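Before any comments, here is the structure.
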Amino acid sequence: MDKHKVIEAYRRGLITLQECGQILGAEKTQLDDLMRVDHSRQPLGSNPYLIVDQL
């Protein structure tokens, strides 16, 4: 899954920061850096929803 989509899902409140980290395989400090860098990106297209399958 594209890391930007995962981060966008976190920002929209669809997943927690912990879930975001698990999906990306990142630790909290790495997530903080990703959130800071990725903040300048534009939102994902016109579809505001991301569908995530529950395991």
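Compute the length gained on full extension between Thr29 and Leu17: take 0.36 nm times their separation in residues and subtract their Cα-Cα distance, giving the result in nm to one decimal. Working shown, then result.
Numbers: separation 12, 0.36 × 12 = 4.32 nm, distance 1.15 nm.
Between Thr29 and Leu17, full extension yields 3.2 nm more.
Arrange the peptides 16-25, 3-12 so that the one whose residues have, on average, the most other Cβ atoms within 10 Å appears first.
Details: 16-25: 13.9, 3-12: 17.4.
Result, highest mean first: 3-12, 16-25.
Less than 14 Å Cβ to Cβ from Gln18, Lys/Arg counted +1 and Asp/Glu -1: what total charge do the surrounding residues give?
Details: positive: Lys28; negative: Glu19, Glu27, Asp32.
So the environment of Gln18 carries a net charge of -2.
Only the coordinates and a few stated rules stand behind these numbers; no lab work does. Note that the coordinates shown come from a computational prediction; the quantities given were computed from them, not determined experimentally. Positions of Cβ are generated from backbone atoms using ideal geometry, with glycine treated the same way; all protein chains shown enter the neighbour counts.
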